[in-house]
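J.: For reference, the structure I am asking about is given below.
The values are calculated or read from the model by the stated rules, or taken from the named source; none is laboratory data. Since the structure is predicted, the reported quantities are computational estimates derived from the model, not experimental observations. Cβ sites come from the backbone with ideal geometry, for glycine too, and all protein chains shown count toward neighbours. Remember, those area values only see protein heavy atoms, side chains included, never the ligands or the DNA or RNA. Shrake-Rupley method; radii C 1.70, N 1.55, O 1.52, S 1.80 Å.
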2 protein chains.
Amino acid sequence: VDAPLPAARPRRIVVPSGGIGGARFLRGLLAAAPDAEVTVIGNTADDITLFGLRICPDLDTLMYTLGGGIHVEQGWGRDQETYVVKSELAAYGAGPDWFGLGDRDLATHIVRTQMLDAGYPLSEVTTALCTSWGLAARGVRLLPMTDDRVETHVVIESAGREGGTSRRAVHFQEYWVRLRAEPVAHEVVAVGADTARPGPGVIDALAGADLVLLPPSNPVVSIGTILAVPGIRDALRATPARVVVLSPVIGGAPVRGMADKVLAAIGVASTAEAVAALYGGRESGGLLDGWLVDEHDADAVPVVEALGVRCAAVPLLMPDQEHAAAMAHAALGLAAELKVAPA
Amino acid sequence: VDAPLPAARPRRIVVPSGGIGGARFLRGLLAAAPDAEVTVIGNTADDITLFGLRICPDLDTLMYTLGGGIHVEQGWGRDQETYVVKSELAAYGAGPDWFGLGDRDLATHIVRTQMLDAGYPLSEVTTALCTSWGLAARGVRLLPMTDDRVETHVVIESAGREGGTSRRAVHFQEYWVRLRAEPVAHEVVAVGADTARPGPGVIDALAGADLVLLPPSNPVVSIGTILAVPGIRDALRATPARVVVLSPVIGGAPVRGMADKVLAAIGVASTAEAVAALYGGRESGGLLDGWLVDEHDADAVPVVEALGVRCAAVPLLMPDQEHAAAMAHAALGLAAELKVAPA
């Protein structure tokens, strides 16, 4: 590999990320690498407009987590949240009622919607919101993957009008939250991704990175949609930085339920090695330099290494920030090994 | 007077109304005339868009009061209200912070804004919201004075850029709520009123009324703006029903503070007889058949009667629903006298 080697301690770390898992990992990363400048490329394909308000679940989860306002146990939404507005909306019979729209959270959506309506792109709105949450002071930038509209739809089967079944596409939030990913996902489509442009700073961040870490986010509907924005996958392939990924699958099941449903939709088994193969080793045109599997998946290590990807088995569960920091340490360690002996 | 006499107990009562005072009077009226069909023509010139949400303070006060959801002591806003969203908006530095935007109340604005954005006129939105509050079951219809945008602006003096003072117009809510009506009001302008059309049902309601009651609402920024919609004043003049008004001024001061500021702006003294003269007796092209002054203003009775308006002095304060019902009884009584012996 001819790419220049990163400095001993990577300063500029770029993390393409989904919501809960990515956010938890990032909290650990900030603890493990307090001096790093971390640029998060946030998935926006889960975004949805409800009650006329623009909601960006992954950006919000990242912002609240890194800003210290997250409901820690739940992993999403605000701490000390109340649901007065949601209850009143239900009293009006105004739907949908399946989305967890908290009062504190709502203020974010109101400010975002007003700024978007005033003509600001999502990236500037996100910067403004994150400034309020003090992210810059913590050395973190949060960049939406795109300012354009990309929306993940899931094709499911449902009862047809004249008996039998027919397929229809539902918004990812409806599939995930309302339907709890119970229906079989026949297809996952990132609507709008083909014409979307990378958000401001995204390509530059990847090009200037010392290290790229992919947290254990969903490989289809989080990382997959980020990679579906034309230019981002190529920038990841072209980055001089090492690309190290933490497996989102442990012991044959996704860390945070239901990812297997969307993996099945794209024909990928829910195993660490299958997802590693999905990303692919860099030498064969894929993305990976390194891959961390869970200690329970040590059997996968030789299979992944056969893809030309340096692999190690470490604990990959994040019950608390200490475990997340240990995972980040392990990822930084694997990256340092790659510096010495690239895969 | 050639107009047909109303039935002994008026069935169809029409009440053009502002917010708090009008709503309190209407609660009394529903108690005093439980069999009546009451049509309220609500002032919409106080309406304002804040945080991208359409807020109709007078319609909401009327709806919450008549639907049983009002904060009774305060007179506006929801009972058991919380202010979580407002506090979070303030944390974002999102202004303005002077408007009392409660969480429960917010749900109304969200539903309204979404329906307006979907293309429904305000009158249909109002009907939908009021249905949810059970107003029809209580024999009440709430009609916005217009579906068009009318906005009361108050011209005040403020510090100019280069020293000295200059005049500028502020939205009525800003004048009333933020500035607490402290600056001198040089002019009150109902922007848009000249081209507004009466809301659906408004003219028909006035034409088909058995009795029109004007509650002690602000004669300038509540009743005055309703009358400023072309066609409404004429319909009030032409109605076969008696028009009886309850004085909004007691003992030389408005019942609910600050109305004197906007009365001064139009050159009218804050006395019961001056406001009666502003409305005018029907015989001389005005609106009034009857006028109730407070018991403390008994001196005004002969002055008002000299305008050709039947006048009586009764207690006009509404500390509770019983007093409001007594006022409504008095108004119905004066109207019944007019039936026997029109002024």
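J.: Looking at this structure, is B:Thr108 closer than 28 Å to B:Ala331 by Cα, open to solvent by less than 40 Å² (accessible area, probe 1.4 Å) and touching a helix residue (DSSP H, G or I) at 6+ places or on another chain (Cβ under 7 Å)? So that I can check it myself, show each step before the final result.
T.: Working: closer than 28 Å to B:Ala331 by Cα: no; open to solvent by less than 40 Å² (accessible area, probe 1.4 Å): yes; touching a helix residue (DSSP H, G or I) at 6+ places or on another chain (Cβ under 7 Å): yes.
Against the criterion (closer than 28 Å to B:Ala331 by Cα, open to solvent by less than 40 Å² (accessible area, probe 1.4 Å) and touching a helix residue (DSSP H, G or I) at 6+ places or on another chain (Cβ under 7 Å)), B:Thr108 does not qualify.
J.: Same structure, new question: If the Cβ limit is 8 Å and pairs must be 6+ apart or interchain, which residue in the range B:19-48 that is part of a strand (DSSP E or B) pairs with which residue that is of a type in the set (Ser, Thr, Tyr)?
T.: That search, which allows pairs on different chains as well, returns B:Val40/B:Ser17; B:Ile41/B:Ser17; B:Gly42/B:Ser17; B:Gly42/B:Thr126.
J.: Let me ask you something else. Please verify whether the range B:296-307 includes one or more residues that are under 24 Å from B:Trp76 (Cβ atoms) and modelled with pLDDT of 95 or more.
T.: Among the residues of the range B:296-307, not one is under 24 Å from B:Trp76 (Cβ atoms) and modelled with pLDDT of 95 or more, which makes the answer no.
J.: For the range A:207-219, what are the residues that are buried (at least 24 other Cβ atoms within 10 Å of the Cβ), in contact with a strand residue (DSSP E or B) (Cβ under 6 Å, 6 or more places away or on another chain) and outside any strand (DSSP E or B)?
T.: Of everything in the range A:207-219, those that are buried (at least 24 other Cβ atoms within 10 Å of the Cβ), in contact with a strand residue (DSSP E or B) (Cβ under 6 Å, 6 or more places away or on another chain) and outside any strand (DSSP E or B) turn out to be A:Ala209, A:Pro215, A:Pro216, A:Ser217.
J.: Right, here's the next one. Given the conditions (1) open to solvent by 10 Å² or more (accessible area, probe 1.4 Å); (2) in a helix (DSSP H, G or I); (3) in contact with a helix residue (DSSP H, G or I) (Cβ under 7 Å, 6 or more places away or on another chain), and given that A:Arg54 satisfies all but one, which numbered condition is not satisfied?
T.: So A:Arg54 meets the others, but not (2).
J.: Among the residues of the range B:118-132 satisfying the criterion of being surrounded by 21 or more Cβ atoms within 10 Å (Cβ to Cβ) and in contact (Cβ under 8 Å) with a residue 40 or more places away in the chain, which is farthest from the other protein chains (Cβ to nearest Cβ)?
T.: Here is the first cut: in the range B:118-132, the residues surrounded by 21 or more Cβ atoms within 10 Å (Cβ to Cβ) are B:122, B:125-126, B:129-130.
Adding the requirement that they be in contact (Cβ under 8 Å) with a residue 40 or more places away in the chain leaves B:122, B:126, B:129-130.
On the way: B:Leu122: 16, B:Thr126: 13, B:Leu129: 7, B:Cys130: 11 Å.
Step by step, filter the range B:118-132, then rank; the result is B:Leu122.
J.: Can you find even one residue in the range A:313-333 that is among the small types (Gly, Ala, Ser) and outside any helix (DSSP H, G or I)?
T.: Within the range A:313-333, one or more residues are among the small types (Gly, Ala, Ser) and outside any helix (DSSP H, G or I).
J.: Which one is surrounded by the most Cβ atoms within 10 Å (Cβ to Cβ) among residues in the range B:61-90 that are within 18 Å of B:Leu30 (Cβ to Cβ) and out of contact with any strand residue (DSSP E or B) (no Cβ under 8 Å at 6 or more places or on another chain)?
T.: B:Thr65
J.: With respect to A:Arg168, is the statement that it is open to solvent by 60 Å² or more (accessible area, probe 1.4 Å), farther than 23 Å from A:Arg27 by Cβ and of a type outside the set (Gly, Ala, Ser) true?
T.: Numbers: open to solvent by 60 Å² or more (accessible area, probe 1.4 Å): yes; farther than 23 Å from A:Arg27 by Cβ: yes; of a type outside the set (Gly, Ala, Ser): yes.
Criteria met by A:Arg168.
J.: Out of (1) within 22 Å of the chain's Cα centre (by Cα); (2) not in a helix (DSSP H, G or I), the odd one out for B:Leu59 is which?
T.: Tallying (1) within 22 Å of the chain's Cα centre (by Cα); (2) not in a helix (DSSP H, G or I), B:Leu59 fails exactly one: (2).
J.: Quick one: what pairs do we get from the range A:288-307, first residue under 18 Å from A:Ile223 (Cβ atoms), second among the hydroxyl-bearing types (Ser, Thr, Tyr) and modelled with pLDDT of 95 or more, C-beta under 7 Å, 6+ apart or different chains?
T.: A:Leu288/A:Tyr279; A:Trp291/A:Ser247; A:Leu292/A:Ser247; A:Val293/A:Ser247; A:Asp294/A:Ser247
J.: For the range A:179-206, enumerate the residues that are of a type in the set (Gly, Ala, Ser) and either crowded, with 19+ Cβ neighbours inside 10 Å or under 22 Å from A:Ile48 (Cα atoms) (or both).
T.: Pass one, the range A:179-206, residues of a type in the set (Gly, Ala, Ser): A:181, A:185, A:190, A:192-193, A:196, A:199, A:201, A:205.
Within the range A:179-206, A:Ala181, A:Ala185, A:Ala190, A:Gly192, A:Ala193, A:Ala196, A:Gly199, A:Ala205 meet the criteria.
J.: A follow-up question, please. Tell me yes or no: at least one residue of the range B:83-95 is of a type outside the set (Asp, Glu) and in contact (Cβ under 8 Å) with a residue 40 or more places away in the chain.
T.: yes
J.: Under the condition of being within 8 Å of another protein chain (Cβ to nearest Cβ) and out of contact with any strand residue (DSSP E or B) (no Cβ under 7 Å at 6 or more places or on another chain), which residue from the range B:91-105 is least open to solvent (accessible area, probe 1.4 Å)?
T.: B:Asp103
J.: Report yes if B:Met115 is touching an Asp or Glu at 6+ places or on another chain (Cβ under 9 Å) and either without any contact (Cβ under 8 Å) to a residue 60 or more places away in the chain or more than 11 Å from chain A (Cβ to nearest Cβ) (or both), otherwise no.
T.: Judged against the criteria, B:Met115 is a match.
J.: For the range B:251-275, give me each residue that is open to solvent by less than 50 Å² (accessible area, probe 1.4 Å) and either within 16 Å of the chain's Cα centre (by Cα) or not aliphatic (A, V, I, L, M) (or both).
T.: Result: B:Gly252, B:Pro254, B:Gly257, B:Ala259, B:Val262, B:Leu263, B:Ser270, B:Thr271, B:Val275.
J.: Further, regarding this structure: Might you let me know whether the range A:75-84 holds any residue that is facing another protein chain (nearest Cβ under 9 Å) and in a helix (DSSP H, G or I)?
T.: Yes - at least one qualifying residue is present in the range A:75-84.
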